[in-house]
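Each remark here refers to the structure printed beneath this line.
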Amino acid sequence: MSEALELGSGTRKISELIVRVPLASCTLAAGASKVLESIEKALGKLGLEARVKKTGCMGLCYLDPWIELESRGLPPTIYANVKPEQAEGIIRRYVEGDLSGALAVRSEASGFKGVPTLNSLPEWRLQVRYVSRNCGFIDPESIEDYLRTGGYSGLKKALKLGREEVIEIVRKSGLRGRGGAGFPTWYKWRVAYEQRSDVKYVICNGDEGDPGAFMNRLLAESDPHRVLEGLIIAGYAIGASRGYIFVRAEKPLMADRLEVAVRQARDYGFLGEKILGTDFSFDVEVYRSAGAFVCGEETALIAAIEGRSRPRQRPPYPATSGLWGKPTVINNVETLAHVATIFQTGLDEFTKYGTERSKGTKMFCVTGSVRKTGVYEVPIGTKIRTLVYELAGGPPDGRSVKAVQVGGPSGGCIPADLLDLELDYETLQSYGAIMGSGGLVVIDNTNCMVDVAKYFITFTLAESCGKCLPCRVGVKVLGDILEKVASGTATLEDLELLRELGESIMRSSLCALGGTAPNPVLSTLRYFKNEYEEHVVMRRCPAKVCSRLVTYEIDPARCRGCGQCAKNCPVSAISGQPGKAFKIDTSRCTKCGQCLIICPFGAVVKG
Amino acid sequence: MVKVYVNNNEVEVSQDALVIDAVEKAGYEVPTLCYLKGLFNEATCRICVVKVNGKVVPSCRFPVFEGARIIVDDSELRRLRRVNLELLLATHEIKCWSCVRKGMCELLSLSKRLGVEGIPVCSECPLRGRSCLVLKGFPCLGPLTVAGCDAECPRRGSPCIGCRGYIMSEDVWVRALEEFYKDNVSLNELKSLISFFWSYLPQNLYRLVREVSNVEY
Amino acid sequence: MSIKLTSEVVRVAGESEILVSIDGERVKVEYDSLASPRSFESLVTGRKYWEVPYVVSRVCGVCSHAHFWASNLAIELALGIKVDEATSTLRDACNKLQILQNHVIHLGFLVLPDYGYSVGNDKYVSTLLKVNRVVNEALRLLGGRLTNPNVYVPGGFTEDLKQPVIKRVVNLLESVGNDLRELANIILSIELPELEDPSPEYVSLRNSPSVTVPVEGPYIIDSSKNTYTVYENYREIFVERYLDLSTSKKCLMNGEKVFHTGARARLINYLKGGSGLSSELRYLIARYEPLFKKNPFSNIYAKIIESLLIYENLLQTLSSLDTGKLSRVRPGNSFSGGFGVGVVEAPRGLLIHYYELNPEMRVIKADIITPTVMFSKHIEVSSEALIKGLLASEEGRDESLVKRFVEALVRAYDPCIPCAVHVIKMKR
Amino acid sequence: MYYEQSRTYLRTPQSGAVLDPRRYLSVVDRVICKYGADRSKLINMLQEIQREFQHLPRQALEMLSVKLGISLSEIINVATFYHQFRLEPVGVYVIQVCFGTTCYLKGSSEIYESMRKVLGLRERENTARDGTITIEKARCFGCCSLAPVIMVTSSDGSERYVHGRLNVSEGKRVVLDYRSKALMKLKGLKNE
């Protein structure tokens, strides 16, 4: 259900006012549709006539919902966190040239009337928006916008070259898979290219099952044609006849936008029979998967498209025999976007960034305990500290960063003292984490590492397909041991068992899910051993999160004796006279935490 | 035909052979559980893991390639197989005394071969259900002792006195003590028999025995 | 001049030490063990009656059947239950098999190397192993397991042995006949050193090693001078003394005489009342009988001759044995406590077990006297005599030669440490 | 033949009304006509059926297995593997609490538990007994700046709301107010 609004063109042009409203899943969730309605009402009331343009999202989620106003004589200005009722005021003031309340101006070099330029804001300046250059600027559902910014020029160039030359360019670029493993893209293409088979497939992996990772969604919802162009180039390179874009059911808007893009590409002759007059014919279908984290893994993804349900042992690798037994290349959304951009802007623009081992930029979703949650595209090799502190604004006041979780459930935790590590495949690997999809969750001192490890293990356990023994039972046992640690009934040997079991699961699992599931546990165990020992030996949770190890007391100073907590305690463990301080009988208390929630004066304190 | 090296001796196998065929051809034998030749090799149990060029792979499913260096057995592989079997036993409801597959079960032969302690002596004990000593009320530690001795004592009619050590997992103990309780084996005698060889019991088992026999131990 | 000469002597089980101090004419020998006490008596107290044999059979791995049988006898007598003829015969047969196995191993691996035979390349070792394997198999068939038996418990057999099993044991034994004779020739051909036995006292159970043994009670024991009937009065006859510095005990007869027990004693006594012997064996025993009385080294000859005797005896009794339905006797529940003594001939000599049970059929007092304890004092006495003899002659000069002779003598006795050290009293 | 066999479990717990088996048959036939009896389109068919009934009724799956010639266990295998498919009927509104990393760290599990307590859901139950609200754990919606976030969708798919930056008491308020909306919808009143 997308609320794509088809607005008719304005009746009278006064000052060619353009209003850009971002309609991506996250902005919609933040209320962009209501803002859009109030803007239309306001324009009607003010009798102004303007072109309201739908755009994707810039990736600065903490701004949602934001709008952008532009007209002749005035620079395009961005207003952040717009409430529906404020829309009218903003437009009226803007038309009169008063930009007070704006966040930033997009194009002026040194700001305009006191409003800073977007580039001066650190979260924009430090970014290299190579692949997400159009995000939040062009209308994702109009191919003309994309063509105007040089869209499909990469495809035209590629079709002029031979298939081997295309692969050669990708090899020279040093592009590596952005899905997580960092496998050299050209190598997959070369293997698939060499296979002699009449039917070959190319699949764009948009499953993105990692919780806390939404850069693929942002890219596909804001600039779908770039992804499509990359897919077509890939199809051409290996001589495929059919392509799929694999999207999860939980992201319907992404699938809709891609379908619109495919239809438009077909109308403009970039898809279908004899593309752009060459003899290469190629068609794409958007496949909506029914949602399973394991589908991020190649063979499980192929199984999903074939209507089956489980990964299978590799080899044979998909490049030799994948979808329905035919050679198949599977690339991540971001990788294909990079391919398209490389062909559009040339090699040296790409190789300018990144380290010598892995070139180019990577989009990171910085979430968790940071002021400016968002998607930031930075060259590979940037330090984690710059990403967390300078770009994402560091933790909110009163909190301090304890660790950074990189790579989602298959990644690991990097402690605060290692924040100067560079974000690239090999360095992260050697410190027990993986680049993964690029999800980067900042954990602060109010979170407990055992609880974080337990969360990831329960997530992977729920997602485990149950086919191979180490993952099905091993991860469950890891979860049980962590449960014992969190409830203070574990022993020190259990910690040793955790480490040993984790390593053996990683070594003997069938697919990458089991192969990386113990990473969070092993990395938290490696860097935060003292927290584990505190849970086991002292039976105390330093961050006061693990409910079984937390004791609830009532702070007599703040307790007014209102009796709310006593009424709501399921085991009636709280007693006292009205007006005087109440007391909790810790022997009866089951630590359910209801009293803490109910207490109007915040008198209940976690000990 | 493809040339592969199994533990450094060369073997010639057909192009589309699997690692397990090459290993068998070289005269070695890999423990397998879920592998049925020609019928099922989905590599789910991971007991048949070997190392090919240093990478741990399931031999029942991994295709051979020219010059593959296969290592059939080393300390890490043994550890992996043992951990996997222990995981499997953790999910298996071990009630060998009343199990229909008594003695002929693959788990028993594998655990003996890999040295995993989880299957009790009852799995090898020939006394069919009727003549089982526990059923007759005799204290016999078969359900709690690690298999491997081919149930020498029960085989000759005398109770198992646990000379091979006890099984560590708590659920086996709970089920065994329930069985003892059901056949009203005198728990005092059982307790003194337990203290025969196993004077030290870990805390949880120690508490378990005392709970069931509610006698100061 | 006092020469301190210590040498560790390899035992069948455990290590022991001989301290020889020679001071001019006076020679003093102390024979001690190094193993730590294992206090089987205190292990057993408090246990249920049927658990005791399992514990006690683990006193010594080589003569576990002897201990198992002795404790069975003692407990049955304490409980007042009687087993049928076939059961006690089979139990004795197991014990005899173990005695046979014991002698063969001891002679083959510990004694012969002293007399110039090297274990490495001699042909006899293969026959030795063959005999051993066959006897093991027989033991396993009869006794359930070759080391710690688990089949014949107080009251009878847990498994009713059928006739074919006995037939199989007999065939097994027959297949080893001439190997045993071959071994006997080798051993009888070695030349023993001269030694005059300083105190030629000896003791053994009446008409052992025959297979039938009196079951109901007082045991007749022949010593060199007189015969004793032993039951609860065994403590006056065999007095054990503790040594302050060693963990083993020493036992004296009637409190003062030093004596020895074992194969030598059994054969001398057997001649007195023994019956049913093939002429060849009777001739052999008669020929060496004076040597048995005089020279402690002759224990070696005695062992091999006894093996032949047992072999013949076993064949006779087993082939004529009809197992039928071995009866299993359960103790009645109206039991008001009591005590029992089990006396048996273990491979190294007389073995006594004593148990006292309370009405709940749990052991409240236990006592075990083992053969090694009995003749360890005799070892000291005879080795002193040996050294005096050596010092007088010219070999005495070379200390290592003396040492080798003493070790050879101790090995001829074949003391076994687990038996010697099991009996320290623990004050609870 | 088919009706008799499926008569036994026609009654659906939610509204207790006896659903006419023909309705399942028509949907299953429509889906097969659209995708053809092609085994590899199984997931698309199941998605279509779920769009129709908001869950995968057992009878529909059986009809599908009979018509496609695949064993029922294969279909159940696929249906239980993917998170989108639900095997039990759902309430009028489905509240999905996001259990993404950031949402979890900001307390979405407490919100989830308190919501279940407000509706009095027992251990295995996800749908309130009066058939109004179903509470489910969702993986990640991808709007982590609004953490902790919940998404409320009406079972006929017409409405979809997102509530961000919740705390426990606000979560309870949201549940109760959607419950009243659902009750009014169930009773057929037009809520203004």
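Every read-out reported here was derived from the displayed coordinates using simple, explicitly stated rules and does not represent laboratory data. Remember, predicted model here, so these are calculated numbers, not experimental data. All Cβ positions, even for glycine, are placed from backbone atoms using ideal geometry, and neighbour counts span all protein chains on display.
For the reader, a short list of remarks on this structure follows.
- Residues whose placed amide H lies under 5 Å from that of A:Ile245, excluding near-sequence neighbours: A:Cys204, A:Glu285, A:Val286, A:Tyr287
- Most mobile listed residue (B:Pro120, B:Pro63, B:Pro202) in chain B, GNM with C-alpha springs under 10 Å: B:Pro202
- Debye equation applied to the C-alpha atoms of the range A:445-508, log10 I(q)/I(0) at 0.12, 0.18 Å⁻¹: -0.29, -0.64
- The orientation-averaged projected area of the convex hull spanned by the Cα atoms of the range A:551-606 comes to 3.1 nm².
- Debye-formula intensities of chain A, expressed as log10 I(q)/I(0) at q = 0.06, 0.08, 0.13 Å⁻¹, are -0.37, -0.64, -1.35 (one equal scatterer per alpha-carbon, no solvent).
- A:Lys580 paired with A:Met538, simple spin-label distance in nm, labels 7 Å along Cα-to-beta-carbon: 3.4 nm
- Sorted largest first, the spans of the alpha carbon positions of the range B:38-158 along the three principal axes are 61, 29, 23 Å.
- Scattering profile of chain B at q = 0.15, 0.17 Å⁻¹ [log10 I(q)/I(0), Debye over alpha-carbon scatterers]: -0.90, -1.05
- Under 5 Å, built H, 5+ apart or other chain: amide partners of A:Ile67: A:Tyr79, A:Val82
- The share of C-alpha pairs in the range B:1-99 whose separation exceeds 15 Å stands at 61 percent.
- Computed from the C-beta positions of C:Glu174 and C:Asp322, the FRET efficiency with R₀ = 25 Å rounds to 0.85.
- Nearby lysines by direct alpha-carbon distance to C:Lys403 (threshold 21 angstrom, same-chain neighbours under 8 apart not counted): C:Lys4, C:Lys28, C:Lys377, C:Lys388
- Nitroxide proxy distance, nm - points 7 Å out along Cα→Cβ at D:Leu72 and A:Glu37: 4.6 nm
- Neighbour counting of Cβ atoms within 10 Å sorts the residues D:Arg39, B:Arg101, fewest neighbours leading, into B:Arg101, D:Arg39.
- Chain A: DSSP helices with Cα axial extent of at least 15 Å and average Kyte-Doolittle hydropathy no lower than 0.0: A:32-46, A:224-238, A:333-345, A:449-463, A:475-486
- Placing +1 on each Lys and Arg Cβ and -1 on each Asp and Glu Cβ, with no other charges, gives the protein assembly as shown a dipole about its Cα centre of roughly 3460 debye.
- For the segment D:32-43, counting C-beta atoms of other chains within 10 Å of every residue's C-beta and taking the mean gives 2.
- Computed [θ] at 222 nm, deg cm²/dmol, the protein assembly as shown (DSSP H ≥ 4; -39,500 (n - 2.57); rounded to nearest 500): -11500 deg cm²/dmol
- Over the protein assembly as shown, the hull volume per residue, using the convex hull of the C-alpha atoms, is 270 Å³.
- Cα-based reach from B:Lys182 at 19 Å (exclusive), listing lysines while leaving out same-chain residues under 8 positions away: B:Lys95, B:Lys136, B:Lys191
- Given 16 as the ceiling on other Cβ atoms within 10 Å, longest exposed-site-free region of chain B for GluC sites (Glu not before Pro) in DSSP loops: B:94-215
- Under Karplus coefficients 6.51, -1.76 and 1.60, residue-wise ³J(HN,Hα) of the range B:191-207 in Hz, glycine/proline x: 5, 5, 5, 4, 7, 4, 9, 9, 5, 9, 10, x, 3, 5, 5, 4, 5
- Applying both filters, DSSP loop and at most 11 other Cβ atoms within 10 Å, to the trypsin sites (Lys or Arg not before Pro) of the range D:95-154 gives D:Arg122, D:Arg124.
- A convex hull fitted around the alpha carbon atoms of the range A:108-249 yields 162 Å³ per residue.
- Sites B:Arg78 and A:Thr149, calculated FRET efficiency, Cβ-Cβ separation with R0 51 Å, nearest 0.05: 0.30
- Charged-residue dipole, Cβ positions (Lys, Arg, Asp, Glu), the range A:143-350 about Cα centre, Debye nearest 20: 500 debye
- The distance separating the Cα centre of the range C:362-397 from that of the range B:43-104 comes to 58 Å.
- For the range A:143-350, the fraction of alpha-carbon pairs in successive 10 Å shells from zero, as %: 9, 39, 39, 12, 0
- P(r) tail fraction, the range A:361-444 - alpha-carbon pairs more than 14 Å apart, %: 55 percent
- What you get for the range D:69-177, charging only the Cβ of Lys and Arg (+1) and of Asp and Glu (-1), is a dipole of about 300 debye around the Cα centre.
- According to the calculation over all Cα-Cα pairs in the range A:177-270, the P(r) per 10 Å bin from zero is 15, 45, 33, 7, 0 %.
- Environment charge at A:Leu63 (Cβ cut-off 10 Å; Lys +1, Arg +1, Asp -1, Glu -1): -1
- Residue-wise HN-Hα couplings along the range C:133-141, as the Karplus relation 6.51 cos²θ - 1.76 cosθ + 1.60 with θ = phi - 60° gives them from phi, are 4, 5, 5, 4, 4, 4, 4, 5, 5 Hz; Gly and Pro carry x.
- Chain A, relative contact order in percent, only Cα pairs under 8 angstrom and at least six apart counted: 11 percent
- Ratio of the Cα radius of gyration of the range A:17-118 to 2.2 N^0.38 Å, where N counts its residues: 0.98
- Residues B:Leu39, C:Leu43, B:Leu144 arranged by fewest to most Cβ contacts within 10 Å: B:Leu39, C:Leu43, B:Leu144
- Evaluated over the Cα positions of chain D, the convex hull gives a direction-averaged projected area, one quarter of its surface, of 12.1 nm².
- Gyration tensor verdict on the range C:2-420 (Cα atoms; rounded if a/c is under 1.5, prolate if a/b is larger than b/c, oblate otherwise): oblate
- Range of Cα positions in the range B:95-213 per principal axis (Å), largest first: 34, 30, 21
- Applying a DSSP loop filter and a limit of 14 other Cβ atoms within 10 Å to the trypsin sites (Lys or Arg not before Pro) in the range A:551-587 leaves A:Arg558, A:Lys580.
- When the trypsin sites (Lys or Arg not before Pro) in the range C:320-376 are filtered for DSSP coil states and for at most 15 other beta-carbon atoms within 10 Å of their beta-carbon, the remaining sites are C:Lys325.
- The number of Lys pairs in the range A:287-438 with C-alpha atoms less than 23 Å apart, excluding pairs fewer than 8 positions apart on the same chain, is 8.
- Convex hull volume per residue for the range A:338-388, taking Cα atoms only, in Å³: 86 Å³
- For C:Val153, residues with placed amide H under 5 Å, excluding near neighbours: C:Thr158
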